[in-house]
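Bear in mind these aren't lab numbers, they're just calculated from the coordinates by the rules spelled out. Quick caveat, the model's predicted, so the values are computed rather than measured. For neighbour counting, all protein chains shown are included, and Cβ atoms are generated from backbone atoms with ideal geometry for every residue, glycine included.
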Amino acid sequence: MDFIIETKDLKKRYGKFEAVNSLSLHVPAGSIYGFVGPNGAGKTTTMRMLTTLTRPTSGEAWVAGHSVIQEPRAVRRAIGYMPDEFGVYDDMRVWEYLDFFAACYDIPENNRRKLIDDLLELVDLAHRRDDMVDKLSRGMKQRLSLARTLAHDPSVLILDEPASGLDPRARVEIRELLVELAKMGKTIFFSSHILADVSEICTHIGIIEGGKMVAQGSMDEMRAQLMPHREIIVTVRDQETAERVKTLVATLPGVLDVQFLEPKSGRSRVRIDFTGDDEGIAAINQALTGAQIAILGFTEETKDLEAMFMRVTKGIVT
């Protein structure tokens, strides 16, 4: 697999404080990689090293095949970076803001008008072309900032908390825009503490805590690693029936454990830990039906990213 962002034993120390500690991450080309962790975990420090804004204390990092230490200019040409703060641009119109950054990237003046029009169309801000930047909503500023990162057509986007502080509609719009950019061939590496956003669009994820990478991989790999078995909840009328369920399924293939749960709405419940596939789940259902057990509910518990995150940051990887 080709990795477009890669770090090896990356460290950043401020005095005695180690903000990033021996971090090794691998971002596949074309992926949407969610970099997840609690506040203070080292996400922003890592991004500042990847974008050559902060020099590592030790270790190495590469972006688009270029060393952030040995080839910083080549790295900057390959990336579009969006920090978590928009900055102050009080006296600029929207188109002037993009024109300013396009000029910084040495894009010829004759090419800039069409480029600006295309970028504004992409982020759905064409109707705000002549508005003052400081009059835009936070969501619009985020979309404008994202447009600015695209001015020189980078292959990699490094975005620090792109959905932070946005209302639900603006968050959805940013998510949809990131998916669209990925379809255009961009690799997207973004940090977030909003797990719903990561779960919704990411192909890969890395979880950092205390400056260390505690787990990373594709979403499917992470689910398999952190939640190695499936959980089925069977709801029945009473405890006597629940005991029949437990006795029957305990010996079936793929069943690891069977436990009684707290009753819910006056109904008894049984949890089945299961390692098999969908056909195995169907076989459990058929066995219960064949034994003429009245089943009021038969559902598989889905493990969302929040459950995965809580599990791994508590060190309960099994």
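To the nearest 10 degrees, how steep is helix 239-249 against the longest Cα principal axis of the chain, on a 0 to 90 scale? Between the helix axis and the principal axis of the chain, the angle is about 80 degrees. Distance distribution note for segment 3-223: the fraction of Cα pairs above 21 angstrom is 54%.
Derived scalar couplings between HN and Hα for segment 95-111 equal 5, 5, 4, 5, 5, 4, 6, 4, 5, 4, 8, 6, 7, x, 4, 5, 8 Hz in order, rounded to whole Hz, by the Karplus curve 6.51 cos²θ - 1.76 cosθ + 1.60 (θ = phi - 60°), x for Gly and Pro. For segment 73-186, evaluate the Debye formula with one uniform point scatterer on each Cα (no solvent term) and list log10 I(q)/I(0) at q = 0.10, 0.17 Å⁻¹, rounded to two decimals. The calculated log intensity ratios at q = 0.10, 0.17 Å⁻¹ are -0.26, -0.81. For segment 3-223, DSSP calls about 55 percent of its internal beta bridges antiparallel. In segment 267-293, which residues have a backbone nitrogen under 17 Å from the label point lying 7 Å from Ala250's Cα in the Cα-to-Cβ direction? Answer for this model: 269-274, 288.
Exposure proxy shown here: for Met219, Met82, the number of other Cβ atoms within 10 Å sets the order, fewest to most, as Met219, Met82. Applying both filters, DSSP loop and at most 11 other Cβ atoms within 10 Å, to the trypsin sites (Lys or Arg not before Pro) of segment 1-99 gives Lys16. Whole-Hz Karplus values for segment 14-31 come out as 10, x, 8, 8, 9, 6, 10, 10, 6, 7, 10, 10, 9, 10, x, 4, x, 8 Hz, taken residue by residue from phi with 6.51 cos²θ - 1.76 cosθ + 1.60 and θ = phi - 60°; glycine and proline positions read x. In a GNM of the chain with a 10 Å cut-off on Cα contacts, which of Asn110, Asn39, Asn21 has the highest mean-square fluctuation? Checking each option, the largest mean-square fluctuation is seen for Asn110. Only helices enter the 222 nm calculation for the chain: every DSSP H run of n ≥ 4 contributes -39,500 (n - 2.57), and dividing by all residues gives -11000 deg cm²/dmol, rounded to 500.
Counting only DSSP beta bridges with both residues in segment 228-302, the antiparallel share comes to about 100 percent. Taking amide hydrogens as placed 1.01 Å from N in the peptide plane, the amide H of Met213 sits under 5 Å from those of Ser24, each at least 5 positions away in sequence or on another chain. Relative to the dominant Cα principal axis of the chain, helix 168-183 is inclined by about 80°. Which entries in Lys8/Lys186; Lys8/Lys114; Lys43/Lys114; Lys8/Lys183; Lys12/Lys135; Lys11/Lys183 show an alpha-carbon gap greater than 31 Å? In this structure, Lys8/Lys114; Lys43/Lys114; Lys12/Lys135; Lys11/Lys183 exceed 31 Å between Cα atoms. The angle separating the long axis of helix 278-290 from the principal Cα axis of greatest extent in the chain is about 30 degrees. With an a/c value of 1.5 or above and a/b larger than b/c for the gyration tensor axes a ≥ b ≥ c computed over the alpha-carbon atoms, segment 228-302 is described as prolate.
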